[in-house]
Every structure is written in C-alpha cells, then in structure tokens.
1. To the nearest µm²/s, what D does Stokes-Einstein give for the stretch 155-235 at 25 °C and 0.890 mPa s, using the Kirkwood radius over alpha carbon pairs as Rh?
2. Two decimals is fine: what's Rg over Rh for the stretch 12-106, C-alpha atoms, Kirkwood radius as Rh?
3. For the chain, what is the convex hull volume of the alpha-carbon atoms per residue, in Å³?
4. Find the Rg to Rh ratio for the stretch 119-161, where Rh is the Kirkwood radius over alpha-carbon pairs and Rg uses the same atoms.
5. Per residue Cα convex hull volume for the stretch 53-135, in cubic angstrom?
6. From the phi of every residue in the stretch 167-176, what ³J(HN,Hα) in whole Hz does the Karplus formula 6.51 cos²θ - 1.76 cosθ + 1.60 yield, where θ is phi - 60° and glycine or proline is x?
7. Which whole-percent values make up P(r) of the stretch 144-193 when all C-alpha to C-alpha distances are grouped in 10 Å steps starting at zero?
8. For the chain, what does the helix formula give at 222 nm: sum of -39500 (n - 2.57) over DSSP H segments with n ≥ 4, over the residue count, nearest 500 deg cm²/dmol?
Amino acid sequence: MTHREDHLNFVVSNFSSLEEQLRLCMEYVPYIEQNKSVVSPKFIPILIDACSLIDSAFRYQVSNKGHQNLKTFASEHEAYLHLANATTILLVSPIQLLRPFREWQDAVPAWWHAYNQVKHDRVGNYAAATYTHIVTAMAGLHQVLARSRIFHSDLLKAGWFNEHDAEGLMDLLAAREACCGPPELPVESRLFVSAVRSDFVQWGMSPPGIEVWNFTERVKNFIFEDESVQTVVPE
C-alpha cells in the first residue's frame, strides 16, 4: 500500500469507527424528533473527528495547502462535488433525509459552527454538540467520501457499493479509467446512504420521494416500509 493509499484508507476506516460509535448511541437514545437537541459527552469526539476528517479530505484534494476554511472549500469543491444539492438517507425509523451542505456557499452550516465552538472550548461550548449536529456532520463526511472519486477504491474495498450491481460497478471502474464523470450510484454504509453524483430524492413531492436506484435489498426494505417518504420507480 502506498503512502497516498494509506491516507485514504485511514479516512474511510475512521468513518466506520465513528459510525459504530454513533450506532451504539442510537441503541440507547433513538434519533427521533424529541431527542434531536440531546447533548452527551459521547457526542463531542464524534463531532470533532467527523468535521476534522471533512477538513482533511477537502485539503487533500487541493494544491493550495495554505489557510483554508469552509468558505474557501465551498468555492473550490462545489463546482465538481455538487454537495449543495446532495441528500443523504439516514437509515433509522422514520427515515431521515439530510442535506448538510445545502447552503454552505452562503453561510456556515450550524453543525460546522458547532464544531468550531466545541473545538475551541469543549467545556464552555459543551451544549453545542447536539444529536442533530453530530448526525448531520457524519452525513456530511459520508457525502464527501461518496462524491470524491479519490475515495472510491477504498469504498469498494469497504463494501459500500452494491456488490450485486455488476453493471454499475463496471461503469464506475470504466469512468475511473477514462477519467470521466462517475455513474449515478448509491454509496451505503451501516447507517447512511449517499449518491456518487446527482440525487435520488425528489423534494418537490409531499412527502419527499426517493427514486429507487440500485440499492441493496436492505436499503430498499427501509424505503418501502417507511411511510414518511414516497417511493419513486424510475421509468
């Protein structure tokens, strides 16, 4: 494994570790509306580590290694990652649809502001690490990994793509070889589902509709059995 590959694998492995910590939290405190403002000492390291990994992943993909912040990252990365229009499915009941970078070109997202607060003063700003902020930060990290092609090899190894979607995986590999845009594929970890590009959620519907891409059966079952979203079958 080269030094570069080791760095990329480190980020993906760290995400999986943080996701497991979050999953254990969810066993005791369900992620439902009345709990979203809950704070806990266990949330703080998840928030700090998730946002730190986002920062590192962004920095890794730019030539300018000088002073950077979320505003400069937005100006450099939005044009090809299209994070402002990205939605992540959180696989809980009811399903949660998360858009962590929705307005990041205009203002610092609340979850990133919370990260900065806690990073500089964990004791004084303890209450900033809410359940909502850590979940949204994890969704943001998941989107960055899913939409950054440098991570796709490690996501394949980690089993985040549907192994039964042979055509989609072949298209992904072909796109990498040809250095062209990747296909529209879902990226699935234990709790989160994001898209490599485009978006599978139709926000113009009420309730929102999820277009059924080539998800695994596990994710399809979550979507089909959840009454808080509509199922949209592509033509």
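1. Using the Kirkwood radius from Cα pairs, D works out to 181 µm²/s.
2. With Rh from the inverse mean 1/r over Cα pairs, Rg/Rh is 1.00.
3. In the chain, the Cα convex hull volume per residue is 139 Å³.
4. 1.19
5. It is 111 Å³ per residue.
6. 5, x, 5, 5, 5, 5, 5, 5, 5, 5
7. That works out to 26, 63, 11, 0, in percent per bin.
8. Numbers: 8 runs with 112 residues, N = 235.
That calculation yields -15500 deg cm²/dmol at 222 nm.
Laboratory data are not the source of any read-out in this text; all were calculated from the coordinates shown. All figures in this text were calculated on a predicted structure; none of them were measured in a lab.
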